[in-house]
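The values are calculated or read from the model by the stated rules, or taken from the named source; none is laboratory data. Bear in mind that the values here come from a model prediction, so they are computed numbers and not experimental data. Every residue, glycine as well, gets a Cβ built from its backbone with ideal geometry; the counts of neighbours run over all protein chains shown. Note: areas computed on protein heavy atoms with side chains; ligands, DNA, RNA excluded. Shrake-Rupley method; radii C 1.70, N 1.55, O 1.52, S 1.80 Å.
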Amino acid sequence: MADDRTPRVLAVWCPDWPVVAVADGDPETPVAVTEGGRVLACSAGARAAGVRQGQRLKLAQRLCPALELRDRGPEAETRRFEPVVAAVEAFTPRVEVVRPGLCAIPVKGPGRYFGGEEPLAALVGAAVADALGRPPVPDAVPGAVPDAPPPASTPPPT
């Protein structure tokens, strides 16, 4: 059972952030960011071809011959995440950056101010999408941003 003193947070997660930070263009282009001879992150286009995080580069290239390999750029990841953090800071100054691509904010105060947790999540999601120059994802998981798969919808009761 959750403790009433446990703070609730809204996490803003940008999936495949290393790819977003170093790749330019269409997310369907097969791109993989590498580190230590393995795939660290890959684009949706690369995943569609069978590339997965943690794969050895030879296997990834065999599965997807058109795969573009990029070296990881920690500085680029941090620099490209700054506009996202600034967009989230518009809702509260208490933003905790866990790593580039993931940050969190407490929802108690901002949630009250913006009409609840769900409206806050929708507003933050739209602001982050705008900061990234992408359209917001409809029916996104609260706190998620584009490139995250939408949650499975439940069929209407019969």
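Annotation note: of 19, 12, the sole residue that is assigned to a helix (DSSP H, G or I), open to solvent by less than 40 Å² (accessible area, probe 1.4 Å) and modelled with pLDDT under 95 is 19.
Residue-wise test of (1) open to solvent by 60 Å² or more (accessible area, probe 1.4 Å); (2) at pLDDT 90 or above.
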site	(1), (2)
81	no, yes
88	no, yes
95	no, yes
102	no, yes
105	no, yes
132	no, no
142	yes, no
148	no, no
155	yes, no
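List the helices (runs of 4 or more DSSP H) inside segment 50-121, counting only whole elements, that have at least 1 residues being outside the structural domain of residue 32 (by the TED database).
Working: elements: 57-63, 74-89, 108-113.
It comes to 74-89, 108-113.
Here residue 113 meets each of (1) farther than 20 Å from residue 30 by Cα; (2) open to solvent by less than 80 Å² (accessible area, probe 1.4 Å) with one exception, condition (2). Residues in segment 32-49 that are part of a strand (DSSP E or B) and either within 20 Å of the chain's Cα centre (by Cα) or closer than 11 Å to residue 16 by Cβ (or both): 32, 33, 34, 35, 39, 40, 41, 42.
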